[in-house]
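Here is the structure we will look at.
Since every read-out is calculated from the coordinates, none of them should be taken as a lab result. What you are looking at is a predicted structure, and each value in this text was computed from that prediction instead of being measured. Ideal geometry is used to build each Cβ from the backbone, glycine not excepted, and the neighbour counts take in all protein chains shown.
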Amino acid sequence: MRYAQWALVCLIGSAALTLHANTHQHGAHEHGRGVMNVVTQGREVLIELELPAVHVVGFEHAPRTDAERHAIEAARERYSDAAALFRFADNAQCTSNSTEIHLGEDVEHGHSGEHSQLHAEYAFSCHHPQHLNAFTTRLFEHLEGLERLEVNVITPSLQTRIHLSSSQSAVSLRR
Ligand SMILES: [Zn+2]
């Protein structure tokens, strides 16, 4: 089931990226912009995140110094703390099930040459999904220079795309 859901998240991501097909190629991205895909189904909430590494660690080349290696480690740690990054209503009783972070691999393996990004996947399970009306994210507290985060939302009652910024950090999950 989990894999089917992730396939769905990836599908949304692909659809969103197709809209930028002219400028978007594998490994490339537009600086200043990030993408978040959100899917809820029953008790499960899945959140996928794609952010240009320059906004996460301040550079996109392979780390050359200890400071740059530390920056990548610190970011991996920060983005692994799902409960700190995403807040649901207390009475929904959501807990983080799994978190997967990819950062720095692209550059280390010379994947795309120029660009590198953070890719993260978060899975939550909520005891009382009837209280799952919205969530807020603290992502913008950690990001340098990200202007806009495009959020694609698919829930049983809502399919929409919104944009988050440092002044708008809430994502509705219901109509
Ligand atoms: Zn880049």
* **Rounded to whole Hz, the Karplus (6.51, -1.76, 1.60) HN-Hα couplings of segment 144-161, x for glycine and proline** => 9, x, 6, 8, 8, 10, 7, 10, 9, 10, 10, 10, x, 10, 8, 9, 8, 10
* **Dipole magnitude of segment 118-169 about its Cα centre (Cβ charges: Lys, Arg +1; Asp, Glu -1), debye to nearest 20** => 180
* Asked: With each pseudo-label sitting 7 Å past Cα toward Cβ, what's the I162-H102 distance in nm, one decimal?
  -> 2.8
* **Cubic angstrom per residue, convex hull over Cα atoms of segment 49-89** => 67
* To do: Return the distance in nm (one decimal) between the two label points of a simple spin-label model at D81 and F59, each offset 7 Å from Cα along Cα→Cβ.
  => 2.4
